[in-house]
1. For the chain, what does -39500 (n - 2.57) per DSSP helix run (n ≥ 4), summed and divided by total residues, give at 222 nm, in deg cm²/dmol to the nearest 500?
2. For region 73-175, state which trypsin sites (Lys or Arg not before Pro) are in a DSSP loop and have at most 13 other beta carbons lying within 10 Å of their beta carbon.
3. What is the diffusion coefficient of the chain in µm²/s, taking the Kirkwood radius over Cα pairs and the Stokes-Einstein relation at 37 °C with a viscosity of 0.692 mPa s?
4. Per residue of region 86-91, what does 6.51 cos²θ - 1.76 cosθ + 1.60 with θ = phi - 60° give for ³J(HN,Hα)? Whole Hz please, x for Gly and Pro, Karplus curve as stated.
5. By how many degrees, between 0 and 90 and to the nearest 10, does the Cα long axis of helix 126-139 differ from the longest principal axis of the chain?
6. Suppose we look only past 16 Å in the calculated P(r) of region 83-140. What percent of the Cα-Cα pairs does that tail hold?
7. List the relative contact order of region 31-224 as a percent without decimals, with contacts defined as Cα pairs under 8 Å and 6+ residues apart.
Amino acid sequence: MSATKPNNSRSRFDPPSDNWQPGFDDIGISLSDVTFIVLDLETTGASPQQGCAITEIGAVAVRGGQILGEFSTFVDPQVPLPEYIINLTGITDQMLKGAPLIADAYKDFITFVEQHEQVHLVAHNAPFDIGFLKAAARTVQQPWPKYEVLDTVRLARLVVDRSEILNYKLGTLSQFFQTQTLPNHRALDDVKTTVEVLHRLIERAAGYDVFTIQNLNQFMKRLPEKRAKP
């Protein structure tokens, strides 16, 4: 499926019903001056509340379309991987042998994030990844940093009409936007795909006069959290 140019008629997009007009109070930091830390995790399962753990962390820092840095590490979950996770990700117990524990991996990730200014965290289906990272913060008895978080699923729902696309999964958006990197359930590759998707979504958001991070934060409020699932 190839991408099509967005129709900027507000009536075709189902989630928002009100007209979007940024006001003088929305003038702020240009999106090109924001550092987006795009991240992705691989895990042993669906939820840290169910005893599942992180097995891989990937992240890319990008600002104004320029890659500033990359972060990637395996994490030893200290439990055998379920067979379906091995089949899904290709990660094996042997690959995780000798990898850092979550305490060290989490601290290294936060150090990577803190090297940058004007940071927004970005993830596809962000509640999943952020939930695991918050659990890791509790493991090391540190408060979770109060970074703003951008969910590309929610942004996609606002700027890509449901009639254009089957769903809002990363693989579907990757195909729709014809990204160079394809998602494969490995953290850093999925991050690189999300970076490309993010840029295309921001291009579409410009059709709604969204040019600053303040515009974007306000724009995102038009979609309730419950509508954010892929």
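Every read-out reported here was derived from the displayed coordinates using simple, explicitly stated rules and does not represent laboratory data. Just so we're clear, the structure is a prediction, and the values are computed from it rather than from any experiment. A quick note on method: Cβ atoms are made from the backbone with ideal geometry, for glycine too, and the neighbour counts reach across all protein chains shown.
1. Working: 8 runs with 81 residues, N = 230.
Here the helix-only value at 222 nm equals -10500 deg cm²/dmol.
2. Details: sites: Lys97, Lys107, Lys134, Arg138, Lys146, Arg154, Arg157, Arg162, Lys169; in loops: Lys97, Lys146, Lys169.
Passing sites in region 73-175 are Lys97, Lys146.
3. On the way: Rh = 18.4 Å.
In µm²/s, the coefficient is 179.
4. 4, 5, 6, 9, x, 7
5. 40
6. In whole percent, the long-distance tail amounts to 62.
7. Numbers: 309 pairs, mean separation 45.8, N = 194.
Across region 31-224, relative contact order equals 24 percent.
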